[in-house]
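Participant: Okay, handing you the structure first.
The values are calculated or read from the model by the stated rules, or taken from the named source; none is laboratory data. Nothing here was measured: the structure is a model prediction, and the numbers come from that model. Every residue, glycine as well, gets a Cβ built from its backbone with ideal geometry; the counts of neighbours run over all protein chains shown. Surface areas here come from the heavy atoms of the whole protein model, side chains and all, with no ligands, DNA or RNA. Shrake-Rupley method; radii C 1.70, N 1.55, O 1.52, S 1.80 Å.
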Amino acid sequence: MKALTGVCVTVLAVVVGASVLSAQTPAPSLSKELVATYQRAAKEILDMAEAMPAEKYGFKPTPEISTFGDQLVHLAGVMQRFVDSAKGTKAQEAHHGAMTKPEIIALLRKSFQSVEDMVAPLTDAQLLEPVKFPFGDRTVTRATFWQGPMYQIRNHYGQLVVYLRMNGIVPPATVRR
């Protein structure tokens, strides 16, 4: 009987402990998950930007496509267009001319932060509201709207992996794995 009582007390302690822990676990949030996804993607792009030597920012795998640096500037511009669209402001001027590696990295950091600043305060209910998509004539949820820059980040990440590998550099995200 004493052994059975001890088992019951142990089981009760485990159940109560588990319910206390689960009560302390914050509820999932679309906004928090979206921000966390942006932060991971931003880190991967910024790590790639840091890994490529400054003298290779002008590298092109073929003459017909953009340089490594131009790809990063383009990506920052796309993210800024989404931010401007969400704010209802006119898109800022695209960056023209040669930029240095530190200038490009600063531009990327600023554009990633701008997206995060727009998404972080949104509630799940706001993410489900309809908004105009900035490209084309269609309405989508705000959550889908903010997937647009994420799609671009991932698209360019895949392209930039090739630029790094062609220069003998293993992408930092691969190194971490």
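Participant: Read phi for every residue in region 73-90 and hand back ³J(HN,Hα) as whole Hz from Karplus 6.51 cos²θ - 1.76 cosθ + 1.60, θ = phi - 60°, with x for Gly and Pro.
Facilitator: Running phi through 6.51 cos²θ - 1.76 cosθ + 1.60 with θ = phi - 60° gives 5, 4, 4, 4, x, 4, 4, 5, 5, 5, 4, 4, 5, 5, 7, x, 10, 6 Hz.
Participant: Got the relative contact order for region 16-175 handy, in percent, Cα pairs under 8 Å and 6 or more residues apart?
Facilitator: Over region 16-175, the number comes to 32 percent.
Participant: Residue by residue through region 106-123, which ³J(HN,Hα) values in whole Hz follow from phi under the Karplus form 6.51 cos²θ - 1.76 cosθ + 1.60 (θ = phi - 60°), with glycine and proline marked x?
Facilitator: 4, 4, 4, 4, 5, 6, 4, 5, 4, 5, 4, 4, 7, 7, 3, x, 6, 8
Participant: Going by average Cβ density within 10 Å per residue, which order do the peptides 157-167, 104-114 take, highest to lowest?
Facilitator: So the peptides 157-167, 104-114, ranked by packing, come out 104-114, 157-167.
Participant: Check the straight Cα-Cα distances from Lys43 and name the lysines below 21 Å, setting aside those fewer than 8 residues away within the same chain.
Facilitator: Lys32, Lys56, Lys101, Lys110
Participant: Just to confirm, what accessible area per residue do you get for region 100-142 at 1.4 Å probe, in whole Å²?
Facilitator: 59
Participant: Related question: Can you run phi through the Karplus equation (6.51, -1.76, 1.60; θ = phi - 60°) for region 61-68 and list ³J(HN,Hα) in whole Hz, with x for Gly and Pro?
Facilitator: So the Karplus estimates, Gly and Pro as x, are x, 9, x, 7, 10, 5, 6, 4 Hz.
Participant: Taking one equal scatterer on every alpha-carbon of region 31-170, how large is log10 of I(q)/I(0) by Debye at q = 0.15, 0.17, 0.20, 0.22 1/Å?
Facilitator: -0.74, -0.92, -1.18, -1.35
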